[in-house]
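Bear in mind these aren't lab numbers, they're just calculated from the coordinates by the rules spelled out. Remember, it's a predicted structure, so these values are computed and weren't measured experimentally. Cβ atoms come from the backbone with ideal geometry, glycine included; neighbour counts cover every protein chain shown.
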Amino acid sequence: MTSKDRAFLRSLATNIDPIFQIGKSGLSDNLIKQVDDALEARELIKITVLETSPEDAKSLSIELANETNSTVVQVMGRKITLYRMNKKESKINVIV
């Protein structure tokens, strides 16, 4: 992914709200499945990492990206933005 692609995705992400929160239980199989389903439906999602989380946002973003086969667009503070292109009908045209 080029820096222009990443900048474009960051600009799109400014208008969306986080749809998941990672708290004291950290990453569970259920959360990973829900994130995977959300990426399939939306392509671009935001996740909030709560202060009670056992890990920091950066390490969680890498782990989530690996588990869901997605790309980390950005980690800003406690917010993670992930992107994965929908194979059937992509709404966002970015080359990964």
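Taking H as built 1.01 Å from N, whose amide H comes closer than 5 Å to the amide H of Q74, not counting residues under 5 places away?
Excluding prolines and chain starts, which carry no amide H, the hits are T81.
Take every Cα pair under 8 Å in the range 32-96 that's 6+ residues apart, average their separations, divide by the length, and report that relative contact order as a whole percent.
38
In nm², what is the average projected area of the convex hull enclosing the Cα atoms of the chain?
Hull-based average projected area comes out at 5.6 nm².
Fewest Cβ neighbours within 10 Å first, please rank L50, L64, L82 accordingly.
Going from least to most buried by this count: L50, L64, L82.
List the lysines whose Cα lies under 20 Å from the Cα of K79, skipping any in the same chain that are fewer than 8 positions away.
K79 reaches K24, K33, K46, K58.
Run through the DSSP bridge list for the chain and note the antiparallel percent, rounded to the nearest 5.
75
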